[in-house]
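*Asks:* One structure, as structure tokens, below. Some questions next.
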Amino acid sequence: MRTIPISVLIALPMVLSGCVASKVVTAPFRAVGTVVETAVDATTQTQSEKEEDLGRKVLADRKKQRDLCFDEAQNKQERRNCKAAYKDDD
């Protein structure tokens, strides 16, 4: 069985100074922390993002209603009524 010389064991702490040793020890934890933070950010939604999504959904629904109104209109007057009813959506 091969043994590690005592001089290597004594020199090892000097070679791995506190700065280097701390970086070597904490690197895996930092990497895991970054992955966890990214995963949490990807799965959570702020209040403003929720409001933006709701606003987009409401606008899309109004556009569908407007298009349906235009499709069902049978004359110019009905199309004008649709246009007047949904004029803020343009």
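The values are calculated or read from the model by the stated rules, or taken from the named source; none is laboratory data. All values reported here derive from a predicted model rather than from experimental measurement. Accessible surface is based on the protein model in full, side chains and every heavy atom, while ligands, DNA and RNA are left aside. Shrake-Rupley method; radii C 1.70, N 1.55, O 1.52, S 1.80 Å.
*Asks:* Could you sort Cys69, Cys82 by their accessible area in this structure, using a 1.4 Å probe and putting the largest first? Intermediate results must be reported in sequence, preceding the final value.
*Replies:* On the way: Cys69 40, Cys82 5 Å².
In descending accessible area the options line up as Cys69, Cys82.
*Asks:* Still on this structure, please answer the following. What is the gain in length, in nm to one decimal, between Ser48 and Lys83 on full extension, counting 0.36 nm per residue of separation less the C-alpha to C-alpha distance?
*Replies:* Length gained, Ser48 through Lys83: 9.5 nm.
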